[in-house]
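Visitor: Structure below; questions to follow.
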Amino acid sequence: MDDFIRPKKIIPQPKKKKNRKEFLLIILIIICLGIGYFAGYMSKKTTVVENNNNEDVVSEVYETLRDHWVNANDQDFDFNTAIISGMVDGLDDPHSELFNSKEANSFNESVAGNIQGIGVGYSPVAKGAMITKIYDDSPALEAGLKVGDIIVKAGDHELSGVDSDQIKEYVRGEEGTTITLTILRGRETLQKDVERRSLDTSASYEIRKAGNTTFGYIELTTFGVETAKEVEKALQQFQQENVTVLVLDLRDNGGGYLTAAEGILDLFFTSDEVIYQMQQKNDAAKKFYAASDTSYTFDTGYILVNGNTASASEMTAGALQSEKGFKLIGEQTYGKGTAQTQKTLSDGSVLKYTYAKWMIPNGTCIDGTGLEPDIKVENVSIDDISTAEVEGTLKADCVSDKVKSMQKMLNILGYHVDREDGYFSQATCEALKSFESDNYLEVNGEYDENDKLMLVARILIYLNNHENDKQYDKLIEILK
C-alpha cells in the first residue's frame with residue numbers, strides 16, 4: 001500500500017468550438033465580477049481602521065475614565081494606584097507586585113533574615129499567634145517558649161483576631177527592650193518575659209552524627225544579606241574538625257537574594273567554573289563564574305529539598321547537584337527560575353518586577369519544573385489542613401471541610417479515623433474522644449475551636465520532631 005495519496009493524472013480533453021455569443025457572455029461575466037470585487041475592496045478599505053499605536057489607546061482609556069467614570073460605591077478610591085496595580089496584575093506574574101513603603105520594608109526584612117525581635121515563626125489563629133518555629137540561639141528559646149504555644153497577649157495588646165503584620169509590630173521592638181508575653185499552652189496560661197535582640201535567622205549549623213559518620217549540617221531559612229558569611233563560618237568549622245560529609249537543609253526555603261546564592265556557590269567553585277547563567281530581556285544568556293579560587297570540598301554532599309524549596313535555594317541546589325555531585329533528598333522543588341529587582345517610585349511605593357531568567361551552570365532552566373530529587377522521599381503534607389476558626393460545634397453526621405482537616409490531623413497523630421472526606425463518622429467521633437482525653441480537653445466527641453487549636457499545636461510539635469521527619473530519617477539511614 002502506498003504511504004501517500006498520488007495526485008490525479010490530468011488527461012487533456014479535445015477543445016470545443018465556441019460561438020461568438022458565448023464568448024461575449026463570458027467577457028461580460030468577468031467584467032462584472034471584477035467591478036464587484038473592486039467595489040467590495042474599496043468599501044472594506046474605507047471602513048476598517050488599524051491602530052498600531054497602543055500607547056494612544058492607553059491614554060484614551062485613562063483620560064476617559066479619569067474624567068467621566070462615576071464611583072457609584074462612593075468608597076475611597078485612588079485612581080492612579082488602581083491603574084498601576086492593574087498594570088502589574090495584568091502581567092500575570094506572581095513574582096511582580098506593587099508595595100507601599102511599609103509593605104516593602106516588611107518584605108525586605110523577611111528576605112534579609114535580619115530582625116530585631118524574639119526569634120519565632122508564627123501563624124495567626126483565632127486566639128492569637130501560634131508559634132510554628134523557634135530559632136536557635138534566640139531569646140524565645142532561652143525563655144522556654146515552645147512550638148505549639150499560642151501567644152494570646154503581647155504586653156498590653158490582645159492578639160485575638162489580629163492580623164500577621166500587627167502581631168509582628170506588637171511582638172518586635174528595639175534591641176535590649178523586654179516584652180511580656182501571655183502564653184496559652186494546652187489548658188495552662190503562662191507569662192514569659194522575653195528580651196528583644198538583633199537576630200540573623202537565615203542560617204544555623206552544627207556537627208551531627210549518624211552511626212559512626214560525622215557530618216556537618218547547615219539549615220538555611222532564607223538567602224539574606226549575611227547568609228553567605230554564616231555558611232563560610234560553618235564550612236571553616238567543619239574543615240577544622242575534619243568533617244568530610246556536608247548536608248544542606250533547604251526545605252521550606254523560598255529563596256531571597258540571588259547575590260547570596262552567588263556568594264554561597266563561590267565557596268564551592270573556582271574562578272574557571274560557571275556557577276549559573278542569566279538571560280535578561282532581548283539579550284543572550286550570560287555565564288557567571290565564581291569570584292575566587294578558594295573552595296571548600298567534601299567527600300560527600302547531600303541537600304534536603306521539598307516543594308517549598310524555591311528560587312535562590314534552587315540555584316544553589318541545582319549547581320551543586322549538576323556540577324559537584326551533591327545528592328538531593330526529598331521532593332521535587334518549586335520551580336522558580338526568574339530573578340526580581342525593585343524600583344522605588346516617586347511616591348515612596350516600590351515596584352518589584354521580574355527582570356531576568358536564570359539557569360543552572362549547564363544551561364538548564366528550571367522555571368515551572370523544579371529540580372528532581374536523586375532520592376525521592378515524601379514527608380507528611382499539611383498543605384490542605386485548615387486553621388480557620390471553628391465556629392460553634394461540629395457533631396457526628398455533619399459534613400464539613402473543617403471535619404476533613406480534623407480527620408487528617410487525627411490520622412497523622414495516630415488516632416485511627418476510617419475516612420478523610422469530611423463526613424463526621426462514628427469512628428471519627430471515637431478518635432476525637434481519645435484525643436480529647438489524652439490532651440485534657442472536654443471529652444464529648446464534638447469538634448470545637450479548643451479541639452482545633454490543640455490539634456494544630458500537636459501537629460506542629462509532631463512535624464518539628466526529627467523522629468517524624470522521613471526525609472531526615474532517609475539521610476541518616478544512608479550515612480550510617
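The values are calculated or read from the model by the stated rules, or taken from the named source; none is laboratory data. Bear in mind the structure is a predicted one, so any value in this text is a computation, not a measurement. Because the Cβ atoms are built from the backbone with ideal geometry, glycine has one as well, and the counts that use them run over all protein chains shown. In case anyone asks, the SASA skips ligands and DNA or RNA and just uses the protein heavy atoms, side chains included. Shrake-Rupley method; radii C 1.70, N 1.55, O 1.52, S 1.80 Å.
Visitor: If Lys and Arg each add +1 and Asp and Glu each add -1, what is the summed charge of the other residues whose beta carbon sits under 15 Å from the beta carbon of Asp418?
Guide: Charge balance in the 15 Å sphere: 0.
Visitor: Give a residue-ordered list of calculated ³J(HN,Hα) values for the stretch 273-279 (Karplus: 6.51 cos²θ - 1.76 cosθ + 1.60, θ = phi - 60°; whole Hz; x for Gly, Pro).
Guide: After applying 6.51 cos²θ - 1.76 cosθ + 1.60, I find 10, 6, 9, 5, 10, 9, 10 Hz.
Visitor: I'd like to check one number: the per residue accessible area of the stretch 289-418, probe 1.4 Å, reported in Å² as a whole number.
Guide: That works out to 47 Å² for each residue.
Visitor: Ignoring solvent entirely, what values of log10 I(q)/I(0) come out of the Debye formula for the chain at 0.06, 0.12 Å⁻¹ when each Cα is a single scatterer?
Guide: -0.44, -1.24
Visitor: For Gly121, enumerate residues with amide H under 5 Å from its amide H, sequence gap 5+ or separate chain, H modeled in the peptide plane.
Guide: Thr132, Lys133, Ile134, Tyr135
Visitor: At a temperature of 10 °C and a viscosity of 1.306 mPa s, determine how fast the stretch 165-243 diffuses translationally according to Stokes-Einstein, using the Kirkwood radius over alpha-carbon pairs as Rh; express D in µm²/s, rounded to the nearest whole number.
Guide: 100
Visitor: Given the -39500 (n - 2.57) contribution per DSSP H run of 4+ residues, what per-residue ellipticity at 222 nm results for the chain, rounded to the nearest 500 deg cm²/dmol?
Guide: Result for the chain, helices only: -10500 deg cm²/dmol.
Visitor: Can you give the Kirkwood hydrodynamic radius of the stretch 54-129 from its Cα pairs, in Å with one decimal?
Guide: Computed over the stretch 54-129, the radius equals 16.5 Å.
Visitor: Let me ask something else about it. Taking the radius of gyration and the Kirkwood hydrodynamic radius from Cα positions alone, what is the Rg/Rh ratio for the stretch 170-324, to two decimal places?
Guide: 1.08
Visitor: Taking Cα pairs under 8 Å and at least six residues apart, what relative contact order does the stretch 426-480 come out at, in percent?
Guide: 19 percent.
Visitor: Sort the stretch 241-284 into rounded, prolate or oblate with this rule: let a ≥ b ≥ c be the square roots of the eigenvalues of the Cα gyration tensor; rounded if a/c is under 1.5, and if a/c is not under 1.5, prolate when a/b is larger than b/c, oblate otherwise.
Guide: Judged from the Cα gyration tensor, the stretch 241-284 comes out oblate (a/c at least 1.5, b/c at or above a/b).
Visitor: At each listed q (0.23 Å⁻¹), what is the log10 of I(q)/I(0) that the Debye formula gives for the stretch 291-382 modelled as equal alpha-carbon point scatterers?
Guide: -1.12
Visitor: Could you give the alpha-carbon Rg of the stretch 111-242 over 2.2 N^0.38 Å, rounded to two decimals?
Guide: 1.19
Visitor: With a sphere of radius 10 Å drawn around the Cβ of Tyr447, what net charge do the other residues whose Cβ falls strictly inside it have (Lys, Arg +1; Asp, Glu -1)?
Guide: Within the 10 Å Cβ shell, the charges total -2.
Visitor: Right, something else. Work out, in µm²/s and without decimals, the Stokes-Einstein translational diffusion coefficient of the stretch 48-191 at 4 °C, 1.567 mPa s, Rh from Kirkwood over C-alpha pairs.
Guide: 68
Visitor: Further question on the same structure: When you count, for each residue, the other Cβ atoms within 10 Å and take the mean per peptide, how do 250-256, 191-197, 121-127, 56-62 rank with the highest first?
Guide: Highest mean packing first, the order is 250-256, 121-127, 191-197, 56-62.
Visitor: What ³J(HN,Hα) values, in whole Hz, does the Karplus curve 6.51 cos²θ - 1.76 cosθ + 1.60 give for the stretch 284-295 when θ = phi - 60°, with x put for Gly and Pro?
Guide: 6, 4, 10, 8, 10, 10, 4, 7, 9, 9, 7, 9
Visitor: Something else now. I'm checking a number: the convex hull volume of the Cα atoms of the stretch 92-140, normalised per residue, in Å³. What is it?
Guide: Normalising the Cα hull of the stretch 92-140 by residue number yields 133 Å³.
Visitor: In percent, what relative contact order does the chain have, based on Cα pairs under 8 Å that are 6 or more apart in sequence?
Guide: Answer for the chain is 11 percent.
Visitor: Once the other residues with Cβ under 14 Å from the Cβ of Gly173 are scored (Lys, Arg +1; Asp, Glu -1), what is the net sum?
Guide: Around Gly173, the surrounding residues sum to -3.
Visitor: I would also like to ask the following. Can you give me the long-range amide H partners of Tyr289? Hydrogens built in the peptide plane at 1.01 Å from N, cutoff under 5 Å, separation of 5 or more residues or another chain.
Guide: Result for Tyr289 returns Ile275.
Visitor: Two decimals is fine: what's Rg over Rh for the stretch 351-480, C-alpha atoms, Kirkwood radius as Rh?
Guide: Using only Cα positions, Rg/Rh for the stretch 351-480 is 1.14.
Visitor: Now for a separate question. What figure in square angstrom, to the nearest 10, would you give for the accessible area of Lys146 with a 1.4 Å probe?
Guide: 110
Visitor: Further question: Can you give the angle from 0 to 90° between the axis of helix 101-112 and the longest principal axis of the chain, with both taken from C-alpha atoms, to the nearest 10?
Guide: Approximately 70 degrees, to the nearest ten.
Visitor: Kindly identify the stretch 386-463 as rounded, prolate or oblate by the Cα gyration tensor criterion: order the square roots of the eigenvalues as a ≥ b ≥ c, call it rounded if a/c is under 1.5, otherwise compare a/b with b/c, prolate if a/b is larger, else oblate.
Guide: Rounded is the answer for the stretch 386-463, as its axis ratio a/c remains below 1.5.
Visitor: If we sort 213-222, 348-357, 456-465 on the protection proxy, mean other Cβ atoms within 10 Å, highest first, what's the order?
Guide: Put in order of decreasing packing, that is 213-222, 456-465, 348-357.
Visitor: Could you tell me the accessible area of Trp69 in Å² (1.4 Å probe, neighbours in place), rounded to the nearest ten?
Guide: 120
Visitor: Could you do me a favour and compute the accessible area per residue for the stretch 182-276, 1.4 Å probe, result in Å²?
Guide: Value returned for the stretch 182-276: 44 Å² of accessible area per residue.
Visitor: Continuing with the same structure: Between helix 449-463 and the chain, what is the angle of the helix's C-alpha long axis to the longest principal axis, kept within 0 to 90° and rounded to the nearest 10?
Guide: For helix 449-463, the angle is close to 90 degrees.
Visitor: What are the ³J(HN,Hα) couplings of the stretch 141-148, residue after residue, when phi is run through the Karplus curve with 6.51, -1.76, 1.60 and θ = phi - 60°? Round to Hz, x for glycine and proline.
Guide: 5, 5, 7, x, 5, 10, 4, x
Visitor: Output the pairs from Lys352/Lys402; Lys133/Lys153; Lys133/Lys229; Lys133/Lys281; Lys133/Lys480 with a Cα-Cα distance over 30 Å in this structure; if there are none, say none.
Guide: Lys352/Lys402; Lys133/Lys281
Visitor: While we're here: Between helix 20-47 and the chain, what is the angle of the helix's C-alpha long axis to the longest principal axis, kept within 0 to 90° and rounded to the nearest 10?
Guide: Orientation of helix 20-47: about 40 degrees from the principal axis.
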